[in-house]
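The numbers here are math on the coordinates, done by the rules we state, and not lab data. Everything numeric here is computed off the predicted structure, so don't read it as measured data. Backbone-built Cβ (ideal geometry, glycine too); neighbour counts: all protein chains shown.
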Amino acid sequence: MQEISTAALISGRRLLAHNYRKGITFLPSLNFNFNFNFSPLLSADNNNILLFHSQISTNPNPNPNPHPPDLSQLRKLLSQKSKLGFDKLDDALSLFHRMVQMQPLPPVIHFNQLLSGIAKMKHYSSVVSLFKEIRLLGITVDFYTVNIVINCLCHLNSVDYGFSVLGSFFKLGFVPSVYTFSTLMNGFILEDKTGKAMELFNKLVKEGEIKPNGVMYGTILNGLSKTGNTTTAIGILRSMRKWNYKPDVVMYNIIIDGLCKDKNVDDALSLLVEMNQQDVTPDLITYNTLIHGLCNLGRWEEATRMLRDMTGKNVFPDVLTFNTLINAFCKEGMAKEAENVLEFMVQRGVGPNVVTYNTLMDGYCLLGHMDRAIEVFHSMVDKGIEPNILCYNILINGYCKNMKIEEAMNVFREMPRKGLKPTIDTYNTMLQGLFGVGSCSTAQGLLNEMQANGQSPDYYTYCVLLDGLSKNGRIDEALLLFQELECSGINPGITMHNILIDRLCKDGKLEVARNLFGKLDSKGLLPDVRTFTMMIGGFCEQGLLGEANDLLVAMEGTGCMPNHATYNVMVRGFLKANDYTEANILAEKMIGRGFSADTSTLAAIVDLLSVEGQDPTLITKNGLQMASI
């Protein structure tokens, strides 16, 4: 794409506006630097209905002569649908064909409302198709029509065509507005071309012909904030006053949201202070965003203080505010404190929803307090809140994690009686729980039941099966399943390979693991840090320290850097072989990269020191470095 001649558009826009004020009707001759052929969409003598995406049928009505609607009814219907969208696309297309048969034709505003209603449904290519048909029928369009079409093109990731439409209609006398340019800027942002959007914005501001409004500022701030360019966004925010435009709370919220998502919560808090200094009142969205950002960083105490602050400023928390805090406490293992928040929530007159109770139940499940989780469940039901599928999945997962498989199965069997159909996640959790307690035959029966109920296994299901079979001493069955998956065209991916390699190494079947590892490259798969670490561990366990070292070097050569687990496995391998010098070299390397000895490595050192007849001086000299990490 050639560089967009924004300057030409702006200067031409200025000349058109001047001519119209003077009553001059001739159009300027401008040299547009567009490199897109959009004539199929604009030409009235072209029979190609549409040039991209879906070749939709714009005539779903089998009746070639549908009864035209009454104009007053049409006006009322379109006024509603332009705001809410149509229930079905076919309804909109049928209405279009009834409209074009009306005599006289409805005014263009009604066609605009129709197109707007379809755009609300996100059927953007359909809008462009209908626009083409409108042009073919010779119906006069206005700048609202053009803006709707440009907006749809931008949502179809075709901002280039949007500029081409603008250029073509500009030659017909249409003057692009601030909304037109805002739409095009948003098109760049949707295509991850925020730099281009910023370039267009700067040119518009520099020329001074287009005065940015709230929509344009909001568009560019949103694009910058979503791409991590919050510093630039803040700069634009503070420069608005030069244009006598006061930033509003929505603009501050956009940047605060971007800062929080980038984990720059302190900068977001500074922006909150600036809002108060500039007499911009923070709203509920402001506080909810900041509380969420603080909670994501584990700063729940500050989040709790902010809850009190917002209440003191007459900004009252909603269910989202409280749910965010409850979730933060539960993640920290502080389910009791989360329940205190729930009590405060009720006292404030904010009704908990199913998300509130699900979060609290999950918090108790993570702590293994299943009795309390069930109490929360019953409390929710008593308050008239209908449990959803996630409620049951949380309880099933909690029971399975706590090895209470019978209770998990009881909850599972209760679901159909409550009119709920288990999801693939439900089945996967149950299968994992059954394998976890060694009930392989029951797991097989559940798998058969799942398929009989029309639920097909997904990738994670197969991972659960491979892992469950492998850990229950049925590695040969796992390998057979793995081969069947490959033969059926399912790509096992690196995760399934890791499951098998891990178990093969732990079972001492190093050659089989090595063979599986060696085939990764031919399958187009790259080993990750877990793959390398498991193979290195397998070599170390067999005393093949030279091969383990070679693989470590090869690992780093691929750009996959060892992690703490890799180094600890290597250190333990050399300690086991009584090669304390090499173990210490690796330990120093590990420390230098910011890793520390894990409990297994420290235990290995203690075991060596306790061995009768072992020279403690030699071991301590080389092992003390690791023990002091």
Pairs from 242/313; 206/242; 76/120; 336/421; 506/576; 261/589 whose Cα-Cα separation, in the structure shown, is over 23 Å:
242/313; 336/421; 261/589
Which of the peptides 530-539, 230-239 is most tightly packed, and how do the rest follow, going by the mean number of other Cβ atoms within 10 Å of each residue?
530-539, 230-239
So what's the angle, to the nearest 10 degrees on a 0 to 90 scale, between helix 178-190 and the longest Cα principal axis of the chain?
30 degrees
Given a Förster distance of 41 angstrom, what is the FRET efficiency for residue 283 paired with residue 382, based on the Cβ-Cβ distance and rounded to 0.05?
0.75
Helix 265-277: angle to the longest alpha-carbon principal axis of the chain, degrees 0 to 90, nearest 10?
40 degrees
Sorted peptide list for 281-293, 416-428, 168-180, criterion being average Cβ within 10 angstrom, highest first:
281-293, 168-180, 416-428
Using a basic spin-label model with each label point 7 Å from the Cα along Cα→Cβ, how many nm lie between residue 529 and residue 199?
3.8 nm
How large is the charge dipole for the chain, taken about the Cα centre, if only the Cβ atoms of Lys, Arg (+1) and Asp, Glu (-1) carry charge, to the nearest 20 debye?
2840 debye
Inter-label distance for residue 486 and residue 109, nm, one decimal - labels placed 7 Å from Cα along Cα-to-Cβ
6.9 nm
Calculate the length of the line joining the C-alpha centroid of the stretch 427-500 to that of the stretch 194-244, in whole Å.
53 Å
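Can you give the net charge of the other residues whose Cβ lies under 12 Å from the Cβ of residue 560, counting K and R as +1 and D and E as -1?
My count for the surroundings of residue 560 gives -1.
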Could you work out the per residue convex hull volume over the alpha carbons of the stretch 307-427, in cubic angstrom?
100 Å³
Name the aspartates and glutamates eligible as straight-distance cross-link partners of residue 81: C-alpha to C-alpha under 14 Å, and not fewer than 8 places from it in the same chain.
90, 91
Just rank 241, 75, fewest to most, by other beta-carbon atoms within 10 angstrom.
241, 75
The lysines whose Cα lies under 18 Å from the Cα of residue 263, excluding any fewer than 8 residues away in the same chain, are 226, 331
With the dipole of the chain defined by +1 on each Lys or Arg Cβ and -1 on each Asp or Glu Cβ, the option from 85, 412, 602 whose Cα lies farthest towards the positive pole is 85
For the stretch 137-181 and the stretch 527-571, write down the distance between their C-alpha centroids in whole Å.
59 Å
For residue 413 paired with residue 553, estimate the spin-label separation in nm (one decimal), with each label point 7 Å from Cα along the Cα-to-Cβ line.
6.1 nm
For the chain: relative contact order, % (alpha-carbon pairs under 8 angstrom, 6 or more apart):
5 percent
Under 12 Å by backbone N from the virtual spin label 7 Å along Cα-to-Cβ at residue 507, the residues of the stretch 458-479 are 466-479
With Cα atoms, 0 to 90° folded angle of helix 284-296 axis to the chain main axis:
20 degrees
Can you work out the FRET efficiency for the pair residue 71 and residue 318, with r the C-beta to C-beta distance and R0 = 56 Å, to the nearest 0.05?
0.80
Tally Lys and Arg at +1 and Asp and Glu at -1 over the other residues with C-beta under 12 Å from the C-beta of residue 413: what net charge comes out?
-2
Pick out, from 101, 494, 569, the residue whose Cα sits farthest towards the positive end of the charge dipole of the chain, with +1 on the Cβ of Lys and Arg and -1 on the Cβ of Asp and Glu.
101
Under the Karplus relation 6.51 cos²θ - 1.76 cosθ + 1.60, θ = phi - 60°, what is the ordered set of whole-Hz ³J(HN,Hα) values for the stretch 471-485, x standing for Gly and Pro?
6, 9, x, 10, 5, 5, 5, 5, 5, 5, 4, 4, 5, 5, 5
